[in-house]
Amino acid sequence: MKHTRNLLTGLCLLFSVHMLLAQDDVVEQSQTYEWPDDKAVVEHLKNWQDMKFGVLIHWGLYAVPGIVESWSICDEDWITRDTTMTYQQYMDWYFGLSEQFRPVHFNPEQWADVCGDAGMRYMIFTSKHHDGFCMWDSHETDFTIARHAFRDDPRRDVLRHVNEAFRSHGFSIGTYFSKPDWHSQDYWWDVYAKKGRNVNYPVAQHPERWNRFNDFTHRQLEEILTGYGPVDILWLDGGWVWPGNRGQDIDMPAIARMARSHQPGIIIVDRTIGGPYENYLTPERTMPDTRLDYPWESCIPLSDDWGYVRRPRWKSAQKVINMLVEVVAKGGNLVLGIGPTPDGIIEEAVVTRLREIGEWLRKNGSAIYATIPAERYHDGSLWFTQTKDRRTTFAICPVEEGRSCPSVVSWKGNIPQGSVRLLESGRRLKTHVEGDSVSVIMPKGMKSQTFVLAYKTGDARN
């Protein structure tokens, strides 16, 4: 038995980090947006839109072997597993990781320090992914970090300590929660074969089983919305769970009523569904082609994966800065995905990149935080944001890694009224305006990184 377990573990560790990238992992944004009619929600949304930059933390069983989160137990055509083990053997091995997940160096204060230093303003933590493993001490299931290998640790109620650490650093708190639960016998019932990500039994033929799952979901959500302090965002994943798909109705109106009875004004993000419970939209791993005039957030991981993997391909800090610039100029927020190690810390490669992003934001953050898109928000390689009173415009010039800064920056529209300055130093730059064309001479010796020009504007419609 011990030999078999070690063999299975070894086989899993041979899996490619990119085994799931065959799937098109871009979640299409909803095609419609419905503004909430609750004034408290609208006010929360406005505050959230000003934050611009957040972190999405995936941490769970999948961190132990360093594989892609949850999806390896799902039976879909794009997923590959080692053929030397049966599906049931793999499931047993995967769920058995609960007896190995013991993050002895769990340090949410380090997480909050690192993310705060990066200039992030809000946090979304994965309380439960699709595999059903809970990162809080749920009373609705034993499949929780507080009941297995980490049970004797005083920090076993992980969600509590994460929320408290980030809250003490001034972050707005968001909670990710998976609507499907592949560990639950009321979602994936062993009587039926498991094929795909959906409920695996006909709901209409077994309404009592679905009702149990529905009640279970509501009770778990109430746990995390009543016992873990103020929560600003409820981020619901698993967009295939909705009434129009195999009758998977979890009664979102009742969830919303319950959530806002405990957390007035909470932002609810029922991802990809549209309607009154998707208070902001979440294009995944991508950005919209054009400016959008309703609340939205690009969710993009720092590596190719959301959680910790053993051989990551990191995005550079410069690439993330340029993504943030484009997202903000188009009217959105960027939430960057990271995954702590199995031991419970953020690894140095992540710390280094986030520190560099934070250094840039400390110099140039006034062009990002609490801004709005200029009406002419893009010209050539430049992106434009404005202060809310439209009196100051920021022309942001992304510099690709390995490229030099341009000697002259030119654009049309967004005409300066007076001098143009380099935001990070305040240095006044030589500027030539002819008609609606603007040219700015850049100083020699500029560091090869994205920079911002700031100036007063007249008519914001230029």
Diffusion constant of the stretch 393-462 at 10 °C, which comes from Stokes-Einstein with the Kirkwood Cα-pair radius and 1.306 mPa s, µm²/s: 128 µm²/s
Can you compute the modelled spin-label distance between Gln88 and Trp189, with each label point 7 Å from Cα toward Cβ, in nm? 1.9 nm
Between [x] 21; [y] 44; [z] 27, which entry matches percent of Cα pairs over 38 Å apart as derived from the coordinates of this structure? [z]
About its Cα centre, how strong a charge dipole does the chain have in debye, to the nearest 20, once Lys and Arg get +1 and Asp and Glu get -1 at the Cβ? 1720 debye
Evaluated at q = 0.11, 0.13 Å⁻¹: base-10 log I(q)/I(0), Debye formula over Cα of the stretch 115-233: -0.43, -0.58
Taking a probe of 1.4 Å, how large is the accessible area per residue of the stretch 116-262, in Å²? 36 Å²
Would you mind counting up the charge near Asp270? Only other residues with Cβ under 13 Å from its Cβ, with Lys and Arg at +1 and Asp and Glu at -1. -3
Taking the simple approach of a point 7 Å from Cα along Cα-to-Cβ for both His432 and Thr80, what is their distance in nm? 5.7 nm
In this structure, among Lys52/Lys456; Lys388/Lys412; Lys39/Lys179; Lys46/Lys447; Lys46/Lys430, pairs with alpha-carbon gaps over 31 Å are Lys46/Lys447; Lys46/Lys430
Enter the Cα centre distance for the pair the stretch 340-418 and the stretch 312-335, rounded to the nearest angstrom. 9 Å
Using a Förster distance of 30 Å, how high is the FRET efficiency between His262 and Asp293, based on the Cβ-Cβ distance and rounded to 0.05? 0.45
Just the number, please: carbon plus sulfur as a percent of the accessible area of the chain, 1.4 Å probe, no ligands or DNA/RNA counted. 48 percent
Selection from Ala254, Met442, His378 lying farthest towards where the dipole of the chain points positive, charges on Cβ: Met442
For the stretch 376-430, what is the accessible area per residue in Å² when the probe is 1.4 Å? 55 Å²
Given points 7 Å out from each Cα along the Cα-Cβ axis, report the Asp38 to Asp142 separation in nanometres with one decimal. 3.6 nm
Dimensionless Rg/Rh of the stretch 310-429, both radii on Cα and Rh by Kirkwood, sits at 1.02
Which distance in Å, rounded to a whole number, links the C-alpha centroids of the stretch 132-179 and the stretch 58-81? 20 Å
Whole-Hz couplings from phi, Karplus 6.51/-1.76/1.60, listed for the stretch 422-432; x for Gly and Pro: 6, 4, 5, 10, x, 5, 7, 10, 5, 10, 10
Using 1/(1 + (r/R0)^6) with R0 = 60 angstrom and r between the beta carbons of Asp379 and Glu222, what's the FRET efficiency to the nearest 0.05? 0.75
Give the Rg/Rh ratio for the stretch 211-315, taking Rg as the radius of gyration of the Cα atoms and Rh as the Kirkwood radius, to two decimals. 1.01
Calculated over the stretch 127-177: convex hull of Cα atoms, volume per residue (Å³): 75 Å³
Averaging over all projection directions, find the projected area of the Cα convex hull of the stretch 45-182 and quote it in nm² with one decimal place. 9.8 nm²
So for each of 72-80, 303-311 I average, over its residues, the number of other beta carbons within 10 Å; can you give me the resulting order with the highest mean first? 303-311, 72-80
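The values are calculated or read from the model by the stated rules, or taken from the named source; none is laboratory data. Not measured: the values here are computed from a predicted model. Note that we place each Cβ from the backbone using ideal geometry, even for glycine, and neighbour counts take in every protein chain shown. Heads up: the accessible areas ignore ligands, DNA and RNA and are worked out on the full protein's heavy atoms, side chains in. Shrake-Rupley method; radii C 1.70, N 1.55, O 1.52, S 1.80 Å.
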